[in-house]
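A.B. asks: Quick one: the structure is below, questions incoming.
Rule-based calculations on the coordinates, nothing more; no lab input. A quick note: this is a predicted structure, and the numbers were derived from the prediction, not measured. In this analysis, Cβ positions are derived from the backbone assuming ideal geometry, glycine residues included, and neighbour counts consider all displayed protein chains.
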Amino acid sequence: MFDFLFKRATETSAVPTAPAATPEQDAAAAATAGRRDAQTQRAAALNGNEAAAVALILESEFASVRLSAAEHVQSQPALEQVLQAVRNTDRRVAKLMQGRLDAIRYQLAEQQKAQACLDLAHHMLQDEKLTPNQVAELDRQWQVVAAVPALAEPYATARAALAARLEAQVALQRRIIDALAAVRKLPQAGLPAGEALQALERHAADQAEYQQAPEHGALPRHLLRDFAEAVEQTRAALTVPPKPAVTSGATPSPAGAANAAAGVAEDLATGDLVPAAANGEPASAADAEAAKPAKPPKAPKQSKQPPTEVDKKFLETMEALEAALEQGQLHAAAEHDKWLREHKARLTPAQNEHLTHVRAELKRLGDWARWGGNVSREELVKAVEDLAGQKMPMSELARKVGSMRDRWKALDAVSGHAPKSLWERFDAACTSAYAPAAAHFKQLADERHANAAKAEALIAETRALAESVAADGADLKNVAAAGQRLRQMWTRLGTIDRKEKRKLDHTFDKVLAQMLAPLSEQRKVEAAKREELITEAEALEPSDRHTLDKLRRLQERWQEQAKSLPLERKVEQALWQRFRAACDAIFAKRKETAHAADHERKAHLHAREAICHELEEATFSGDDKAQLAAIAKALKDAANAWNAAGVVPRASEARINQRYHNAVGKVQAQADAIKRRAGAAQANALRDKLRLNQALENEVASDGAAIDAAEWQAKWAALPSLGNDYERALQGRFNAALEALNGKRGDYAAQLERNRAQLLDEVLRLEILAGVDSGAEFARERLKMQVEVLQSSLKSGQKPQSATAAYLQLCAMPALADARTASRIEQLFRRIGASERA
């Protein structure tokens, strides 16, 4: 109640104010500002001086000055020096230095790549064998390199030189190919022999030029060889004298027969076993043409007689025999001749002569085929003997030897039987070549037999374990481990013969299943328990507060069961995936709920932040009473909204609460300031009215001139009204003094004098109760009064009078008071007000 009266003048506003700066702080701030300005001027005057910029950065304590000076640092050593110095102190300058260093390093890396491309181009220019794919790879490398102006022109020069070399290669290769085609066409060009030989010699002279050309090393390997062979073949063809035409009765040349035999062998052997001609050199095209049997002259027409079916078949077989000879199919021709010898037919003399000629041709070709077959056999034997020195896989070696024997049999069918010595030589070579493969295959067979024995032993061990489990009932966990071990050992046995492997697999699976039968039954029970755990996990309510504890216990039970008896890997993995999916679903649902709760708490935080913002920005207008009412309403509404907002995120709770309290304190400080102003006004009015009463009573008690009641009434009316009990008490005391002016002034003055002592006693008593010092002159009276007050309170047992009631009584008591007493009353007045505020 006395808050508006007893506020101390030393109290300050609820909003703290910044302490005033000391002279030392002002001097330090001025010195700092001076250094900043001086260093800023130095940074502005650098003008690209890198050394001065580095020195300024290292000595400056101002971030803006360091950043301005950093713009002038460009070289790599200076950048590294500055970066090392400011790495942990100035983030902006460090980032700028790091970026420039990265750019310099990137440029150096690209320059190195470009230099590598240029070096490679120079190396390729020095390389004798330059290929287009090398140049294409060089172009791809250059395309991914950033532009390096310093190396662009040298690279372009080197690349042009490479292109010129490639063009020279293409031109040289095209020239040789054209010359090769021209050489091959000379025999059919129809030129005279002399001109054809001169043209051939010109081409042969160009061959040396081709071999000495700068780009001859890049030519295909076979091109010059083909050109040389074509020159020799064309020279041989142009220098061979013409041969006489073969008549119908002429005998074909031995070379032709040899070639026919060689063609038969070539159909049966590989390309590297082609038999040579009779003279040891490849037969020419003219010889091959001459080797073909000449067609016999057509038989003269006979008298027309209807041929029989046998005659028709005989003639058709003759034609087939002749066609087989023309095609070089000696084996088919021999079969046709055998059929002709087994059958008879009526033939004309011309047909008999023709048949005799064909059979003679067949005999000659057979002789040459036997000779060519022996040559092919010699080469076949040589090829088999060469196999012994070649390192090849055993399977390929066996297949190669087998194909050689098949070729030998094919030659027997075509060229007849080989000499015994040649056969023995071939058989010994095959046996020697096949010996490593035979030893290898024998070793593999032994290993298969040993693996089969190991399998039998493993089956016996599994059967013994099965009998032990059935009899004693071993620990199922150990049984599972033993089953896994046996299964792994079985898979690592190695190869076994296919038929025996199928039988052993069946036996092992049967015995192992017998051993694992109790384990399988128990695993079914354990799988059912795991299913129950999955069902319990799926039935958990994510929103329940005890769900996490229950889920943790389910996981512990799962781990215990998994350790006690592991299931099969596939079953265990499938069940674990289901259990984990159920747990993940619960966590996901709780996470979703937590996200929703976080969103709701953030919304509450925004609402409370809005409340704090409204309180912080609140302004109130009007008179003091209206402002107090508005402040009270704003605080009440803010408190209701604050309580209705709900919880906020834990991390922001302390901050938003502190902000709300600060905002409320700010608004409350405004109300307290208004109340202090009103209290100060009321206190001043009360003091002024009390002094006016004391002054009027002093005038009444004096023997001076008459008192103008209207003047005193005007003074009273000029003072503001208190509007409380103090106003009524002081108004009654003032009115009593004015009434004493109407004839009772002396009596009232006497009463005032009589109440002086009572006033002093009352002031002293109140000072004792309030604990206010009364002064040295009142020490005796104070001690006596303290004893009386104590005795009175002990005897009566009543509650002592309150300070408010005592002060009202003191204000209403008319009595004369000197200046000392008035100051004691005002001091007591302030102390009583302070005690009631507390």
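A.B. asks: Please give the net charge around ALA52, taking every other residue with its beta carbon less than 15 angstrom from that of ALA52, where Lys and Arg add +1 and Asp and Glu add -1. All intermediate terms of the calculation are to be shown ahead of the outcome.
C.D. replies: Details: positive: ARG42, ARG66; negative: GLU50, GLU59, GLU71.
Once all neighbours under 15 Å are counted, the net charge is -1.
A.B. asks: While we're looking at this one, here's another question. So for the pair HIS222, ARG487, with labels modelled 7 Å out along Cα→Cβ, what separation do we get in nm?
C.D. replies: 5.7
A.B. asks: Can you tell me the length gained on complete extension of the stretch ALA678 to ALA710, counting 0.36 nm per residue apart and subtracting the Cα distance?
C.D. replies: Details: separation 32, 0.36 × 32 = 11.52 nm, distance 2.91 nm.
Stretched fully, the ALA678-ALA710 segment lengthens by 8.6 nm.
A.B. asks: Please arrange TYR434, TYR748 by how many other C-beta atoms lie within 10 Å of their C-beta, fewest to most. All intermediate terms of the calculation are to be shown ahead of the outcome.
C.D. replies: Numbers: TYR434 22, TYR748 18.
Fewest-to-most ranking of TYR434, TYR748: TYR748, TYR434.
A.B. asks: While we're on this one: Taking only C-alpha pairs under 8 Å that are 6+ residues apart, what is the relative contact order of the stretch 112-239 in percent? Working shown, then result.
C.D. replies: Values: 87 pairs, mean separation 40.3, N = 128.
Relative contact order comes out at 31 percent.
A.B. asks: The stretch 602-672: Rg/Rh from Cα coordinates, Kirkwood Rh?
C.D. replies: In the stretch 602-672, Rg relative to Rh is 1.02.
A.B. asks: Still on this structure, please answer the following. Between GLU456 and ALA388, take the C-beta separation as r, use R0 = 60 Å, and let me know the FRET efficiency to the nearest 0.05.
C.D. replies: Values: r = 39 Å, r/R0 = 0.65.
Approximately 0.95, to the nearest 0.05.
A.B. asks: Separate question: Can you tally the net charge around ALA182? Count Lys and Arg as +1, Asp and Glu as -1, for every other residue whose Cβ sits under 12 Å from the Cβ of ALA182. If you can, show how the numbers build up before the last one.
C.D. replies: Numbers: positive: ARG175, ARG184, LYS185, ARG202; negative: ASP178, ASP206.
Net charge around ALA182: +2.
A.B. asks: Once all Cα-Cα distances of the stretch 565-625 are split into 10 Å bins that start at 0, what whole-number percent is in each one?
C.D. replies: 17, 20, 17, 14, 11, 9, 6, 3, 2
A.B. asks: OK, next. Below 11 angstrom from the Cβ of ASP818, what's the summed charge of the other residues (Lys, Arg +1; Asp, Glu -1)?
C.D. replies: Details: positive: ARG756, ARG820, ARG824; negative: none.
Residues close to ASP818 contribute a combined charge of +3.
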